[in-house]
Amino acid sequence: MAMSILSCLRIFTLVMFVLEPNRVLGSRHFGFISYGDNGAGMCASTVAPHGYKCQEFEVKTDDGYILSVQRIPQGRVGGGGQIRQPVLLQHGVLVDGATWLLSPPEESVAMILADNGFDVWISNTRGTRYSRRHVTLDARDSEYWNWSWDELIVHDLPSVIDFIFKQTGQKIHYVGHSMGTLIALASFSEGREIDKVKSAALLSPIAYLSHMTTALGEVAARAFVGEITTIFGLAEFNPKSGPVNKLLKFFCAQPGVNCYDLMTAITGKNCCLNSSTVEIFLNDEPQSTSTKNLVHLAQTVRDGTLSKYDYGSNYNLAHYGETKPPKYNLGNIPRDLPLFLSYGGQDALSDSKDVETLLDYLKFHDVDKLHVQYIKNYAHADFVMATNANNLVYNQIISFFRNYA
């Protein structure tokens, strides 16, 4: 193809906002923290230059992963003496917490929340640039990557929420985008951390993916479910590695897949992105995730259900005690948990029909605790990077949180 495979990959990562920014560093494969080319963590490189106080923390999960967490305790104008409600921001897959900080402060949900009196915490999922350490495993080991979003539900999310709760002594408000919504919904359905969560705002909610309207996404889902990735020997799905370049080239060669317009083809037609913000994103390389995690997402597309990882009937029997993986029943989410859902009419990943399926599972939710926002011209990336998201979405989230203070 005329477009270079690396250029295609960068656009591919931007648009795979179920599938989000930051530099891939050779040094990060070792068992020590690598904070970018200049040794700076996210606070020093991304937050402090805008005039915000920022703190770096490490959180160890009960299965040994060491996660990086950032805290913006107050806005630029101060107000540190007052009690501020904690908010946790959880990113999607193939990105890290910097995805909340790409836009200028007046357009960044993290900084807008801080300036509006909230105590903002940013999580970085295992395997991403700032969260590549483990107490015994090395990120070069395949066993390090033996996890899917099931483990994020069981280990990462509870560890981070517990840490924030202990640090602040308060229940948290939660904001998730894309896969950050998936792990929250599944977690709530099993009653996890409900006693420490005050409310949740879910942007481009991902739970059901049966109506995903993207040729490339469908090709990729079929490939991962068909375990084509095992041909390449992938445990870590590193979007900059040679094997993944080969895999992307294979995807781009499939009938009906147009690699010249990946952004629209994958996320839908985003209405309101600033070219400079997109440039920052494209200059920041994509993050690794586990291949197993992508296989699990692909199983969700294939099966049309929200279930735990499918190991195959024999292995399922050993793992779960039954031949099929257990389903997450979103109807079990506590009906009095305040939820704010915002989705877009142009989103090719969080399709309106799939969101309607999710809402059907929530049909018995307390009416005054379920708030739904539909933005006709928004697609997947708009909810994190749109220039007008502060007025259309983030102000609504702030009002929602204040209603449940």
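If ASP336 satisfies all but one of (1) open to solvent by 40 Å² or more (accessible area, probe 1.4 Å); (2) assigned to a helix (DSSP H, G or I), what's the number of the condition it fails?
Result: ASP336 passes all but (2).
Looking only at the stretch 160-190, count every residue that is among the basic types (Lys, Arg) and in contact with an Asp or Glu (Cβ under 7 Å, 6 or more places away or on another chain) and tell me the total.
So the count comes out to 0.
Hey, among the residues in the stretch 130-147 that are part of a loop (DSSP other than H, G, I, E, B) and more than 21 Å from the chain's Cα centre (by Cα), which one's surrounded by the fewest Cβ atoms within 10 Å (Cβ to Cβ)?
Residue satisfying both the conditions and the ranking: THR136.
With the structure loaded, tell me whether LEU341 is at pLDDT 95 or above and in contact with a strand residue (DSSP E or B) (Cβ under 6 Å, 6 or more places away or on another chain) or whether it fails that test.
So LEU341 passes the test.
Please indicate, with yes or no, whether at least one residue in the stretch 204-213 is at pLDDT 95 or above, in contact with a Phe, Trp or Tyr (Cβ under 7 Å, 6 or more places away or on another chain), open to solvent by 10 Å² or more (accessible area, probe 1.4 Å) and not in a helix (DSSP H, G or I).
no
Residue check: is ASP366 under 18 Å from ILE183 (Cα atoms) and open to solvent by 40 Å² or more (accessible area, probe 1.4 Å)?
Considered against the rule, which asks whether it is under 18 Å from ILE183 (Cα atoms) and open to solvent by 40 Å² or more (accessible area, probe 1.4 Å), ASP366 comes out as no.
Looking at the stretch 81-89, can you tell me whether even one residue there is open to solvent by less than 10 Å² (accessible area, probe 1.4 Å), at positive phi and under 21 Å from the mean Cα position of the chain (by Cα)?
No, there is no match, as no residue in the stretch 81-89 is open to solvent by less than 10 Å² (accessible area, probe 1.4 Å), at positive phi and under 21 Å from the mean Cα position of the chain (by Cα).
Here are ASN316, ASN329, ASN391: which of them is surrounded by fewer than 13 Cβ atoms within 10 Å (Cβ to Cβ), over 30 Å from SER276 (Cα atoms) and not hydroxyl-bearing (Ser, Thr, Tyr)?
That would be ASN329, the only listed residue that is surrounded by fewer than 13 Cβ atoms within 10 Å (Cβ to Cβ), over 30 Å from SER276 (Cα atoms) and not hydroxyl-bearing (Ser, Thr, Tyr).
Can you tell me which residue within the stretch 352-405, out of those that are small (Gly, Ala, Ser) and either over 20 Å from the mean Cα position of the chain (by Cα) or not in a helix (DSSP H, G or I) (or both), is farthest from CYS271 (Cα to Cα)?
It comes out as ALA405.
From ASP115, ASP150, which residue is open to solvent by 10 Å² or more (accessible area, probe 1.4 Å) and touching a His at 6+ places or on another chain (Cβ under 9 Å)?
ASP150
Which condition from (1) open to solvent by less than 50 Å² (accessible area, probe 1.4 Å); (2) modelled with pLDDT under 85; (3) part of a helix (DSSP H, G or I); (4) polar (S, T, N, Q) is the one that GLN299 breaks?
If we test GLN299 against (1) open to solvent by less than 50 Å² (accessible area, probe 1.4 Å); (2) modelled with pLDDT under 85; (3) part of a helix (DSSP H, G or I); (4) polar (S, T, N, Q), just (2) comes out false.
Just wondering, is there one or more residues in the stretch 252-272 that are modelled with pLDDT of 70 or more and acidic (Asp, Glu)?
No, there is no match, as no residue in the stretch 252-272 is modelled with pLDDT of 70 or more and acidic (Asp, Glu).
Looking at the stretch 47-64, which of its residues are open to solvent by less than 10 Å² (accessible area, probe 1.4 Å) and assigned to a strand (DSSP E or B)?
Listed by number, the list holds a single entry, VAL59.
The values are calculated or read from the model by the stated rules, or taken from the named source; none is laboratory data. Since this is a predicted model, take the numbers as computed values, not measurements. As a convention, Cβ positions derive from the backbone with ideal geometry for all residues, glycine included, and neighbour counts pool all protein chains shown. With ligands, DNA and RNA removed, areas are computed over all heavy atoms of the protein, side chains included. Shrake-Rupley method; radii C 1.70, N 1.55, O 1.52, S 1.80 Å.
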